[in-house]
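Report on the following structure.
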Amino acid sequence: MEPRISVSSFKEVVSPRRSLSASFRYGSFVNSVHTSERSGPPLVSPARGYVAVSVLCYINLLNYMERYTLAGVLLNIQKFFDISDSTAGLLQTVFIVSFLLVAPLFGYLGDRCNRKYIMMGGLIVWLITALSSSFVTEHLFWFLVLMRALVGIGEASYSTIAPTIIGDLFSGTKRSLMISAFYIFIPVGSGMGYISGASIASVTGDWRWALRVTPVLGLIGLLLLIFLVPNPPRGAAENQGQANTEPSSYKEDVKYLLKNKSFVWSTLGVTALAFLAGALAFWTPTLLFRARVVQGELQPCTEEPCNSSDSYIFGAVTVVTGILGVCIGAGLSRCFLDKVEYADPVICAVGLLGSVPFLFAAIFTASANIPATYVCIFITELMLSLCWPILADILLYVVVPTRRASAEALQITVGHLLGDAGSPYLLGVISDSIGKSNPVSSEWSFLSLKYSFLLCPFAGVLGGVFFLITAVYITKDKQAAQQLVPEQSARDEGEQQELTVGSEDALFPYQAAAET
């Protein structure tokens, strides 16, 4: 049996096998409760870790495809049920509200129970309810609303827990890369949702068929989850496969998080980002369609299927800007974080504040020049996408492993409750209120929705300010989290050479070079 190593002498001993990352520039944390200290190989092999992340990315892609399929066929839904803008926005609001109401429960369970089983149960609920919603009739709008609420419950289980599993499979720079890969599928999945929804509705002539694609693909994701995704011990990546054995109470978790100023202010920043992104994602294709009608390029939609060209274009823009933005955001973080410890929230602030002038330009050019509007939308979405890979990384390195699921849940709850849960509905209400002055005019239908969009830039400014405040506290909070465990000792030169030529660094040669 190997001798036990005390915390005080840990720095002086070089463990025979270490994590693949040479340094903990993103932090290494466990709870302050009892931790078993032993050396040895990780419980989950690196190769299996990469496979697991691939499966989680695939399911994340499907989640966001399903979420924004309705936005891609919103014109058809409004015509099918003969509903107003505010009622149409209610579909997204109901989904998000149910999502956030159960997120704290899944966060609590995710810090204490088998996370894989929780995700499996949530995906089963998601598959059944998403498929059931596709069989709604013209007189059963309430049924569609109910199914959207249940879909939100299913997705909450996955979105709350999946990032914490990635955090326990990898540490340091590799964790940042895996989180970036996971979050790049938010905009990619969203864009594909617009495109697939509009395409299937156009081909079949019935928007309901668009809701049947992701459940079929989701069944494959469920099987992959069952057979290929492990449930690693919490904090295993930072502690050589060691588990944190005594999770604290949920009340203690919440008190800890509320005292963590970086977590609180970054959560408010996430809320502003969610408000802005949710409103844009749900209403932009409809706004552009109405703009084309005003300019005489298209006729108003009188029967299904409605013209969905803007759903295709906006979906493609979302995919491209998402990939570029996540890569640029992750690259900027890797470039500056070693030199400036508060770089991450500053990058998020720049993204939000930088998007505001282009969003204003997009709103006011829509009535005159559609191509120029798309250019402004492209830059706006690119700036917003800088934030996605950084947000989760901030949470992971300022929150200890045994409280990460609770932190994810609390951030999701606040972000959605005050963010994209209400923004689609709020914009719809404002649009309907303005439109009542001239309800039969196509031009006024466009202008009313256009004026409601003016609320979004103010959310961007608030979000930027919140992230700048986060930058004030993040260095101190990161150091506080790092002090909860001993620092990782340096690897000897022979081990560095062995890992550099290993199969994992062959997958990420640029990272291996940087670490060497």
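The values are calculated or read from the model by the stated rules, or taken from the named source; none is laboratory data. Bear in mind that the values here come from a model prediction, so they are computed numbers and not experimental data. When we count neighbours, we look across all protein chains shown, and the Cβ atoms used for this are built from the backbone with ideal geometry, even at glycine. Accessible surface areas use protein heavy atoms only, side chains included; no ligands, DNA or RNA. Shrake-Rupley method; radii C 1.70, N 1.55, O 1.52, S 1.80 Å.
What number goes with the only condition from (1) free of Cβ contacts under 8 Å to residues at least 12 places away in the same chain; (2) in contact with a Leu (Cβ under 7 Å, 6 or more places away or on another chain); (3) among the β-branched types (Val, Ile, Thr) that Thr271 does not pass?
For Thr271, the failing item is (1).
Conditions tested, residue by residue: (1) over 19 Å from Val213 (Cβ atoms); (2) assigned to a helix (DSSP H, G or I).
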| site | (1), (2) |
| --- | --- |
| Asn76 | no, yes |
| Tyr108 | yes, yes |
| Arg112 | yes, no |
| Trp126 | no, yes |
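When you go through Ile370, Ile394 one by one, which is the residue that is modelled with pLDDT of 80 or more, touching a Leu at 6+ places or on another chain (Cβ under 8 Å) and not hydroxyl-bearing (Ser, Thr, Tyr)? Give the steps one after another, and end with the answer.
Numbers: Ile394 fails: touching a Leu at 6+ places or on another chain (Cβ under 8 Å).
That would be Ile370, the only listed residue that is modelled with pLDDT of 80 or more, touching a Leu at 6+ places or on another chain (Cβ under 8 Å) and not hydroxyl-bearing (Ser, Thr, Tyr).
Quick one: what pairs do we get from the range 349-368, first residue in contact (Cβ under 8 Å) with a residue 12 or more places away in the chain and on the phi > 0 side of the Ramachandran plot, second part of a helix (DSSP H, G or I) and open to solvent by 70 Å² or more (accessible area, probe 1.4 Å), C-beta under 9 Å, 6+ apart or different chains?
none
Can you name the residue in the range 320-344 that is buried (at least 21 other Cβ atoms within 10 Å of the Cβ) and under 16 Å from the mean Cα position of the chain (by Cα) and is also farthest from Ala459 (Cα to Cα) among such residues?
Ranking the candidates gives Ala330 first.
Here are the criteria: (1) crowded, with 23+ Cβ neighbours inside 10 Å; (2) over 23 Å from Ala274 (Cβ atoms). Tell me which single one Ile220 does not satisfy.
Here Ile220 clears every test but (1).
Scanning the range 415-429 for residues that are farther than 14 Å from Leu462 by Cβ and crowded, with 20+ Cβ neighbours inside 10 Å, which turns out farthest from the chain's Cα centre (by Cα)?
Here is the first cut: in the range 415-429, the residues farther than 14 Å from Leu462 by Cβ are 416-417, 420-422, 424-429.
Then keep just the ones that are crowded, with 20+ Cβ neighbours inside 10 Å; that gives 416, 420-422, 424-425, 427-428.
Details: His416: 11, Asp420: 12, Ala421: 15, Gly422: 17, Pro424: 18, Tyr425: 21, Leu427: 22, Gly428: 24 Å.
Going through the qualifying residues, I end up with Gly428.
Test of understanding: among Glu381, Glu341, which residue is of a type in the set (Asp, Glu) and modelled with pLDDT of 85 or more? Give the derivation first.
Working: Glu341 fails: modelled with pLDDT of 85 or more.
So the residue among Glu381, Glu341 that is of a type in the set (Asp, Glu) and modelled with pLDDT of 85 or more is Glu381.
For the range 94-126, give me each residue that is of a type in the set (Ser, Thr, Tyr) and open to solvent by 20 Å² or more (accessible area, probe 1.4 Å). Full working, then the answer.
Of the range 94-126, the ones of a type in the set (Ser, Thr, Tyr) are 98, 108, 117.
Scanning the range 94-126 gives Tyr108, Tyr117.
Could you list, in sequence order, the residues of the range 130-139 that are crowded, with 17+ Cβ neighbours inside 10 Å and either touching an Asp or Glu at 6+ places or on another chain (Cβ under 8 Å) or not polar (S, T, N, Q) (or both)? Let's see the steps before the verdict.
Initial filter on the range 130-139 (crowded, with 17+ Cβ neighbours inside 10 Å): 130-134, 136.
Residues satisfying the conditions are Ala130, Leu131, Val136.
Can you give me the number of residues within the range 402-451 that are under 21 Å from Leu105 (Cα atoms) and touching a Lys or Arg at 6+ places or on another chain (Cβ under 7 Å)?
Result for the range 402-451: 1.
Inspect the range 288-308 for any residue being closer than 22 Å to Leu382 by Cβ, open to solvent by 10 Å² or more (accessible area, probe 1.4 Å) and either modelled with pLDDT of 90 or more or more than 25 Å from the chain's Cα centre (by Cα) (or both) and give the result as yes or no. Working first, answer last.
The first filter runs over the range 288-308 and keeps only residues closer than 22 Å to Leu382 by Cβ, leaving 288, 291.
This time we only want the ones that are open to solvent by 10 Å² or more (accessible area, probe 1.4 Å), so: none.
Scanning the range 288-308, I find no residue that is closer than 22 Å to Leu382 by Cβ, open to solvent by 10 Å² or more (accessible area, probe 1.4 Å) and either modelled with pLDDT of 90 or more or more than 25 Å from the chain's Cα centre (by Cα) (or both), so the answer is no.
Here are Leu169, Leu222, Leu211: which of them is hydrophobic (A, V, I, L, M, F, W, C), closer than 27 Å to Cys387 by Cα and touching a helix residue (DSSP H, G or I) at 6+ places or on another chain (Cβ under 6 Å)? Reasoning before the result, please.
Details: Leu222 fails: closer than 27 Å to Cys387 by Cα; Leu211 fails: closer than 27 Å to Cys387 by Cα.
After applying the criteria, what remains is Leu169.
Let me spell it out: the conditions are (1) farther than 29 Å from Val55 by Cβ; (2) crowded, with 18+ Cβ neighbours inside 10 Å, and Trp142 meets all of them except one. Which number is the exception?
Condition (2) is where Trp142 drops out.
Kindly indicate which of Ile377, Ile412, Ile370, Ile363 is within 30 Å of Asp168 (Cβ to Cβ), open to solvent by less than 30 Å² (accessible area, probe 1.4 Å) and not aromatic (Phe, Trp, Tyr). Talk me through it step by step, then tell me what you get.
Details: Ile377 fails: within 30 Å of Asp168 (Cβ to Cβ); Ile370 fails: within 30 Å of Asp168 (Cβ to Cβ); Ile363 fails: within 30 Å of Asp168 (Cβ to Cβ).
So the residue among Ile377, Ile412, Ile370, Ile363 that is within 30 Å of Asp168 (Cβ to Cβ), open to solvent by less than 30 Å² (accessible area, probe 1.4 Å) and not aromatic (Phe, Trp, Tyr) is Ile412.
Kindly indicate whether Val399 is under 30 Å from Ser262 (Cα atoms) and open to solvent by less than 10 Å² (accessible area, probe 1.4 Å).
Values: under 30 Å from Ser262 (Cα atoms): yes; open to solvent by less than 10 Å² (accessible area, probe 1.4 Å): yes.
Yes, satisfied.
Could you grab me the full set of residues in the range 432-483 that are open to solvent by less than 10 Å² (accessible area, probe 1.4 Å) and either under 15 Å from Thr286 (Cβ atoms) or touching a Cys at 6+ places or on another chain (Cβ under 9 Å) (or both)?
Passing the criteria: Phe446, Ser448, Leu449, Ser452, Phe453, Cys456, Gly463, Gly464, Phe467, Thr470.
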